[in-house]
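Enquirer: Just passing along the structure, written as structure tokens.
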Amino acid sequence: MTEQTAPLRDLLNYCREEQEAAQRQLSELQALIRQTSTDVERLAQRSLHLTNQIKQMESRLENIPTAEIIETYQSAMDVQKRLWLMRGQLEKFQGLEAHLQRYLEALDRILSMLALAQEAASTSRPGAESSLIVRLFEAQEQERQRLVRQLHDGPAQALTNLVLQAEICERLFQRDPERAKAELAALKSAVVETFQRMREFLFDIRPMSLDDLGLVPTVRRYVETLKDKVKFSLTLQISGEERRLAAYQEAALFRIIQELLTNVRLHAQASQAVVRLAFQPQGVRLEVEDNGVGFDVEEALANAPRRKTIGLTSIRQWVEMLGGQLSISSAPGKGTRVAIFLPS
């Protein structure tokens with residue numbers, strides 16, 4: 001092993017160790033998910049039993065001691081509280097499972113790319129290998145930071161709020177039943193909202209439909225969902241004979257669409273944008289075009305390394321690693337069009 005390829009060897013070893021550790025974590029998490037699912041099912045059955053018991057009691061309240069009624073209602077509240085918590089915990093575990101699976105897929109792609117880089121190391125220009133290593137590490141850390149922020153700001157905070165609301169209901173149950181009923185209604189709405197946000201969060205991390213149905217249905221759903229959240233008109237155009245692509249190609253194209261539309265949403269100040277996905281005999285062509293403020297392409301690409309953000313530079317690297325082609329057309333006040341071609 002030459003001095004030039006030593007850093008590449010170290011990175012390969014590091015990624016393999018990360019892969020083994022992530023696989024162990026995934027196995028442990030999946031065992032925990034199975035146990036939690038069993039607990040949730042048991043609590044759900046217990047909750048149903050108590051609910052039926054309460055309904056039966058309500059038809060003959062005058063014949064039942066007050067202490068028994070209170071005890072039954074308290075048991076039902078306790079079971080429901082634990083059921084909400086366990087379901088929230090299960091959804092959190094499932095979200096982490098999706099993240100680990102996506103992380104393992106990313107590691108697989110990285111290891112494949114590193115193997116190719118190792119083969120080409122003898123002909124690489126000085127410093128190219130180090131640059132690749134830095135980019136891979138930065139991409140990995142950026143993805144981790146993004147997921148941690150999303151977990152903290154979204155599901156974790158929402159679940160904490162649900163616990164607090166459940167505790168309020170518990171305290172109010174005996175003192176003010178009417179207010180407790182109102183709080184329970186509010187709690188139910190909060191649970192539904194949290195569940196929806198969790199589903200959106202899991203979709204952003206790794207849409208299950210990407211594996212089950214493929215790129216086109218997943219992009220359609222994403223665009224339809226995004227239409228309700230953005231202030232510009234968003235259109236999706238599909239042409240050619242639709243077909244499934246390699247899993248890594250579908251994942252890459254979906255992430256690129258996500259990133260480009262995020263750029264439109266945050267920076268373009270556009271009134272309309274269009275996503276075009278064309279299936280061609282030799283490959284797939286993706287275009288994302290908007291009528292926004294535009295930018296100086298050369299200046300943006302030159303300044304991107306200092307900002308250390310995921311953007312056009314990272315997209316260009318992804319496309320190059322997949323053997324594709326990228327073109328960016330933009331100018332101040334002229335909108336932006338990003339075109340990508342990935343060979344089949």
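Enquirer: Let me make sure I get this right: for region 231-344, a, b and c are the square roots of the gyration tensor eigenvalues over alpha carbons, sorted descending. Under 1.5 in a/c it's rounded, otherwise prolate if a/b > b/c, else oblate. Which is it?
Expert: Oblate shape, in that a/c is at least 1.5 and b/c is the bigger or equal ratio.
Enquirer: With all protein chains present and a 1.4 Å probe, how do SER271, SER344, SER209 order by accessible area, largest first?
Expert: Putting SER271, SER344, SER209 in descending order of accessible area: SER344, SER271, SER209.
Enquirer: Which of LYS231/LYS334; LYS55/LYS81; LYS181/LYS227; LYS229/LYS334 have a Cα-Cα distance over 28 Å?
Expert: Violating the 28 Å limit, Cα to Cα: LYS181/LYS227.
Enquirer: Leaving ligands and nucleic acids out of the surface, order LEU342, LEU301 by accessible area at 1.4 Å, largest first.
Expert: The most accessible residue leads, giving LEU301, LEU342.
Enquirer: Can you give me the solvent accessible area of LEU326 with a 1.4 Å probe, rounded to the nearest 10 Å²?
Expert: Counting only protein heavy atoms, the figure is 50 Å².
Enquirer: In the full protein assembly as shown, how much of ARG82 is accessible to a 1.4 Å probe, in Å² to the nearest 10?
Expert: Only protein atoms counted, so the area is about 100 Å².
Enquirer: For region 234-290, what does the relative contact order come out to in percent, with C-alpha contacts under 8 Å and a separation of six or more?
Expert: 45 percent
Enquirer: Continuing with this model, one more query. Express in Å², to the nearest 10, the accessible area of GLU224 obtained by rolling a 1.4 Å probe over the protein heavy atoms while all chains stay in place.
Expert: The accessible area of GLU224 comes to roughly 100 Å².
Enquirer: Also: Express the relative contact order of region 1-105 as a whole percentage, based on alpha carbon pairs under 8 Å and six or more residues apart in sequence.
Expert: 46 percent
Enquirer: Separate question: In the neighborhood of ASP39, defined by Cβ-to-Cβ distances under 12 Å, what is the net charge if each Lys or Arg adds +1 and each Asp or Glu adds -1?
Expert: Surrounding charge for ASP39 is +4.
Enquirer: Still on this structure, I have one more. How much accessible area per residue does region 256-344 have, in Å², with a 1.4 Å probe?
Expert: Value for region 256-344: 51 Å² per residue.
Enquirer: Right, here's the next one. Hey, could you grab the Kirkwood Rh for region 215-290? Inverse mean 1/r over distinct alpha carbon pairs, Å, one decimal.
Expert: Evaluated on region 215-290, it is 12.8 Å.
The values are calculated or read from the model by the stated rules, or taken from the named source; none is laboratory data. Owing to the predicted nature of the structure, the values given are computational and were not obtained by experimental measurement. Quick reminder, even Gly has a Cβ in these numbers, built from the backbone with ideal geometry, and neighbours come from all protein chains shown. The protein model used for the area step is the full one, side chains on, heavy atoms only, and it has no ligands, DNA or RNA in it. Shrake-Rupley method; radii C 1.70, N 1.55, O 1.52, S 1.80 Å.
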